[in-house]
1. Does a label point 7 Å from the Cα of Leu242, set along Cα-to-beta-carbon, have any residues of the stretch 248-281 with amide nitrogen under 12 Å, and which are they?
2. Show the residues, 5+ positions off or on another chain, whose built amide H is closer than 5 Å to the amide H of Leu16.
3. Roughly how many debye, to the nearest 20, is the charge dipole of the stretch 232-289 about its Cα centre, given +1 on each Lys and Arg Cβ, -1 on each Asp and Glu Cβ, and no other charges?
4. Which net charge results when you count Lys and Arg as +1 and Asp and Glu as -1 among the other residues whose beta-carbon is under 10 Å from that of Leu91?
5. Give, rounded to the nearest 20 debye, the magnitude of the charge dipole that the stretch 19-132 has about its Cα centre when Lys and Arg contribute +1 at Cβ and Asp and Glu contribute -1 at Cβ.
6. Loop only by DSSP, 13 or fewer other Cβ within 10 Å of the Cβ. Give me the trypsin sites (Lys or Arg not before Pro) in the stretch 9-65 that pass, ordered by residue number.
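Values in this text are rule-based calculations from the coordinates and carry no lab data. Everything numeric in this text was worked out from a predicted model, so none of it was measured. Note that each Cβ is placed from the backbone with ideal geometry, even for glycine, and that neighbours are counted across all protein chains shown.
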Amino acid sequence: MIELDAIELRLGSQVLAQGLNWQLPDPGVYLLLGPTGSGKSLLARLLAGRQRPRLGTVRIDGLPLYAGFGGYHEPLFIAQAETACREAEPLDLYLAAELVNTGETPRALEPAWPVLDALIPDRSTPINKLAHGQVLLAQLALAAVMPVRVAVLDGHLTYLDARYCQAADELLKLNRFAGDKFLVLTAGRLARFLPALDGIFLLDGPPLRIKALPEGVAVDTTGKPIDSSGNLRVFTASPPALLAGLTSGRHYTLVAIMEDGLTIRPTGALQAALDELSSLGLSVRAIEWEDV
C-alpha cells in the first residue's frame, strides 16, 4: 500500500498541498491525469522520495518513505522524460546504468530490446538525439523489468502514433513483477490506446487535489491508437460557457459541442489541434475516437 497522510507542501507563500490524503491499496498500473501545473510532477516526486513534505507522512507498505538517509527500504525508480531528453549519454549505457542502480543486470532488458530496436535502430544513439516517444519507450522498458516496488514515469504518454502505441503495450506486458509493483504514470491527457489500468486519478491544483476519474468520462482500452484522421471526442474540464463560444480553428474543425466537451476533426497534426485548444483556455482531460 502507498499512503499519503496529511501532506503539506509550500513554495514560499504558495500552498502546493495542504491536508492531502490519498491511498493506492494494491500494486498495479495507475495513471495520474491532469493539465500542466496540476501537480503531476509534484506527486511523482513525493512517491519517489525526491520531495519531502513540510508536514505529513508518505508510507509504502506501512513504512515511512523518508526514513533516514537511505530513503525507502526497497529500490525505487523515477524517470522524468524532460530530464532524460537532455542527456548526451548513449541509450544502451543509460539503460544499463539505471538497471545496475536497482541491483539488476543489463540482461534483464533482453526481452525488451526487440521492441525497442524496431523503433530505435541504433542503441548507441545519445538520448538527446532520440525522439521524445523513443525516450518514453526506453524508460517504460526499464520500469517493466526493474525489481522495484515503485516505478514512477513522470511526463509519459500520450503516444499518438500507432507504432508507439503497440510498442508501449508490448513493453507493459513484459512487467516481471506485476503482482508486487506499483507502476505510476503521469499524463497531460488520456489517449484511447492505453492498456487496462488499475486506476485513473484526476489531479487539480494548486493546492493539489486528487480524485478518481469520474463516471461519464469514457476510457476505451481496446488498443486503437489516435492519429490525425477521423473525428475525436475531446473531454474537458472547462465551463460550458467557454465551450459554447468555440468555432473551428486553424488546426481543427469543430463538429459538435457536447455536455462535457466537444467533437473535433483535426485538419493536420493532432498535437497541433490539441495545443490550439489548450491555448484557448481549454483543459483537455481525455480524448477518444468518436463512434461513427
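1. 261, 277-281
2. Leu9, Arg10, Leu11
3. Details: 4 positive and 5 negative charges, 22 e Å.
In total the dipole reaches around 100 debye.
4. Details: positive: Arg123, Lys129; negative: Glu87, Glu89, Asp92, Asp122.
Neighbour charge sum, excluding Leu91 itself: -2.
5. Working: 10 positive and 12 negative charges, 127 e Å.
It comes to approximately 600 debye.
6. Arg54
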